[in-house]
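Following: one structure in C-alpha cells, then a few remarks.
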Amino acid sequence: MSAVFRVFSRRLYVLLPVISLLSFNVFFVSCAVQRSLEEARQERQRLVQKYIKTLNKEEGAIRLVGGENEYEGNIEVLHNNKWGAICDDEWDALEGRVVCQQLGYPGLRRVTQDGYFGLARRRYWMDNMYCEGNERELTDCHFDGWGINDCEANEAAGVICESPHLERNTETPLAKLLPKFTLPHAYRIELRLRGGRRANEGRVEVRIDGGRWGTICSDGWSLLEANVVCRQLVLGFARDALQTDFFGGLDIAPAVLSGTECYGNETTLAQCLHHDHLRPPAECHGDRNHVAVVVCDHLAPDLVVDFYELERTAHLEDRPMALMQCAMEENCVANEAYDIQRDDPNWRYVTRRLLKFTASTLNAGNTDFRPFKEKHLWEWHMCHMHYHSMEVFATFDVFDLLGNKVAQGHKASFCLEDNQCLSGVPKKYNCANFGDQGISVNCSDIYLYNLDCQWVDITELDTGSYVLKISVNPEFKVAEMSYDNNAAVCNLLYTETYARVDDCRLARP
Ligand SMILES: *[C@@H]1O[C@H](CO)[C@@H](O)[C@H](O)[C@H]1NC(C)=O
Ligand SMILES: *[C@@H]1O[C@H](CO)[C@@H](O)[C@H](O)[C@H]1NC(C)=O
Ligand SMILES: [Ca+2]
C-alpha cells in the first residue's frame, strides 16, 4: 500500500511542475489569442496524456532529445521498455507531422536529418518509415521492423515542431532557425585541412579575412559541403564527409562557422550559406566536440539518369495483388494496399494500377560506383533471391502540378551491376553468385520495366497531368562528382487508357 502510494506520489511530483507550467501556458494562450476555453482544455488534456504516456513508459511512446526546447530534437521511441532512435532514411514531412501531432504540438515546422540534434544516443529502433501523415501514432506507420536498420550514428532523424507557446498567427522565427547568409564578397576566405594522415584528409579549418583559423560545426555536414571544400582546395571531389573529432575536435580548434549549407556547385565555401559569422563563437548543435571533416580524391563516380529510356518505356499495368506479395513485403505499393489486404478477404483478386518504366543509370565519372555497404553487410532477400547492397538506391515520385507528392515508388530490391557498357569497355560487376556489385565507368545499370518494384503504384491517383521524378543515390550517401544529373524530372500525362512521360530534364534529387 505504502509502496504504491510512494510510486504514485513520485509520479505526481514529476507531473506537477509540468501541469502548472501547462496551466500557465493555457492561461497565457487563451488570453492572448482568445482561443476558446474548450480548445485550451483539450490541448491541456492532450499534453498531460502525452506526459503520462512517457512517464508510464508505454510501448510506442515517443520523445524528443538533444534540442534546446521541448518541441524539437532527435526522436526516440519506446519499444520493449527501451528507448531507441529513428533513422533518417526516407524521413520526410509526412512522418514529421505524425510525430508533432502525437506529442500534442500545434504542427510541424520542419524535419531534420543527419543527426541535426546530435548523434543517435541509442540503438536504432526504426528505419525506412512510411507514414501517410494522418496516423495517430508513429508506430501506426510502416517501417522495416523493430531494430532492423543499416544506419550509422550520424543518421538520427529529428523534428522541429511548431511552438506551443506562441500565438499561432504570428511568424516568430525559432532561435534554431537562425538566418543564413553567404559570406560578403570582399572577404578573403582561406581553407586548410589539419590532423589527417595524408594531405587529402582532415578537419576543415577556415580563416575569414585574416582572422584566426577555426573549425566548422559538424551539424548537417554532408558530401555536398565537402565537395565544395575539396574543389576550393583543388583536391578533386569529396570521397567522405564526416562529423567526428578523430582528427581533432572543437577543443583543439574552436569553430568559426556554423550552419554551413552548400548546394554543391559553389566554387568556394564563401558562396555557401552559414549562420552569422560575426557572432562568435559559432553555435554548434549536437555532439559538442565534433567538427566537419573531409577526405578528398581526384577520382569519383558520377551517375547520370538516362531519361530517354524512361520516356520510351513508360506504360500502365493493372496487376492483381496475388502477384505482388514480395512487392508488398518490400514497401513497393501504396499504403492503401495494406488496408485492402487487411480488410478484404478477396484481396488477392484486387488489382493495383502501376506506372512502369525502365530505369537506366550510366556512370560517367572516372572511377567505379560502389555500394554504400560493405559486402559482409549485404542482406539476402528471399523474395527476390539476391543481396541488397544499398538501402535506398533509387526513388520514384509523382507530384501534382502544385508540387505535392501524390504517389511514390521505392526500389528497395536491387543489385548494382554492369548491364550494358560503351563499346570497348569490359563488364566487371555481376550480381549472380554473391558477385561484386557496382557500376564501372562508361557502363550502365539497367532496371527493366518488367522487374518487381520497378514502378509507381498510382491506383489512388485521379487522371490528369503530373510530374514524374526518378532519382538515384537520392540521399547523397555515395560520393559523386555531381548530384545535378542524378534525377530526371518529366511531365506525366495520365488518362483512363494510357500514361505518357515526356519533356524530361536532368535535375537534383
Ligand atoms: C548552383 O545551382 C543553382 C540551381 O541550379 C543555381 O541557382 C545557383 O546559382 C548555382 N550556384 C552557383 C554558385 O553556381
Ligand atoms: C568513357 O567514355 C568517354 C566518352 O566516350 C571517354 O572520353 C572516356 O575515355 C571513357 N572512359 C573510360 C574509362 O572508358
Ligand atoms: Ca551524378
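The values are calculated or read from the model by the stated rules, or taken from the named source; none is laboratory data. These numbers were taken from a predicted model, which means no experiment stands behind them. Methodologically, a virtual Cβ is constructed for each residue, glycine included, from the backbone with ideal geometry; neighbour enumeration extends over all protein chains shown.
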*Does any residue in segment 240-255 that is among the hydrophobic types (A, V, I, L, M, F, W, C) come within less than 7 Å, Cβ to Cβ, of a residue that is at pLDDT below 90 six or more places away or on a different chain, and which pairs are these?*
Leu250/Cys284; Leu250/Arg288; Leu250/Asn289; Ala255/Pro281; Ala255/Ala282; Ala255/Cys284
*asked:* I'm trying to understand the selection: among the residues of segment 418-447, which are within 16 Å of ligand 2 (Cβ to nearest atom) and part of a strand (DSSP E or B)?
replied: Gln420, Cys421, Ile439, Cys443, Ser444, Asp445
*From (1) away from ligand 1 (no atom under 16 Å from the Cβ); (2) more than 21 Å from Ile208 (Cβ to Cβ), pick out the condition that doesn't hold for Gly264.*
(1)
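Per-residue answers, yes or no, for (1) in contact (Cβ under 8 Å) with a residue 60 or more places away in the chain; (2) among the charged types (D, E, K, R); (3) part of a helix (DSSP H, G or I):
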{"site": "Ile86", "(1), (2), (3)": "yes, no, no"}
{"site": "Gly104", "(1), (2), (3)": "yes, no, no"}
{"site": "Asp114", "(1), (2), (3)": "yes, yes, no"}
{"site": "Leu119", "(1), (2), (3)": "yes, no, no"}
{"site": "Thr139", "(1), (2), (3)": "yes, no, yes"}
*Conditions: (1) among the polar types (S, T, N, Q); (2) within 16 Å of ligand 3 (Cβ to nearest atom); (3) within 27 Å of Asn149 (Cβ to Cβ). Asn442 meets all but one. Number of the miss?*
(3)
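Does Asp457 qualify as being touching a residue at least 12 places away in the same chain (Cβ under 8 Å), away from ligand 2 (no atom under 16 Å from the Cβ) and surrounded by fewer than 17 Cβ atoms within 10 Å (Cβ to Cβ)? I'd like the intermediate steps shown before the answer.
Numbers: touching a residue at least 12 places away in the same chain (Cβ under 8 Å): yes; away from ligand 2 (no atom under 16 Å from the Cβ): yes; surrounded by fewer than 17 Cβ atoms within 10 Å (Cβ to Cβ): no.
Criteria not met by Asp457.
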*Among (1) surrounded by fewer than 21 Cβ atoms within 10 Å (Cβ to Cβ); (2) out of contact with any helix residue (DSSP H, G or I) (no Cβ under 6 Å at 6 or more places or on another chain), where does Glu266 come up short?*
(2)
*When residues of segment 469-489 are filtered for being more than 12 Å from ligand 3 (Cβ to nearest atom) and touching an Asp or Glu at 6+ places or on another chain (Cβ under 6 Å), how many remain?*
1
*May I ask you to list pairs of residues, at least six apart or on different chains, whose Cβ atoms are under 7 Å apart, with the first in segment 261-275 being over 15 Å from Ala292 (Cβ atoms) and the second being near ligand 1 (Cβ under 10 Å from one of its atoms) and not hydrophobic (A, V, I, L, M, F, W, C)?*
Asn265/Asp484; Ala270/Thr182; Gln271/Thr182
*Would you kindly identify the helices (runs of 4 or more DSSP H) lying entirely within segment 256-353 that contain at least 2 residues that are in the same structural domain as Ala487 (by TED's automatic domain parsing), within 27 Å of Val159 (Cα to Cα) and touching an Asp or Glu at 6+ places or on another chain (Cβ under 7 Å)?*
335-343
*Scan segment 454-483 for residues that are modelled with pLDDT under 95, away from ligand 1 (no atom under 16 Å from the Cβ) and over 25 Å from Glu330 (Cα atoms) and report the count.*
1
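For Asn419, state whether it is under 26 Å from Pro320 (Cα atoms), more than 16 Å from ligand 1 (Cβ to nearest atom), modelled with pLDDT under 95 and over 27 Å from the mean Cα position of the chain (by Cα).
Working: under 26 Å from Pro320 (Cα atoms): no; more than 16 Å from ligand 1 (Cβ to nearest atom): yes; modelled with pLDDT under 95: yes; over 27 Å from the mean Cα position of the chain (by Cα): yes.
No; evaluated as a whole, the condition is false for this residue.
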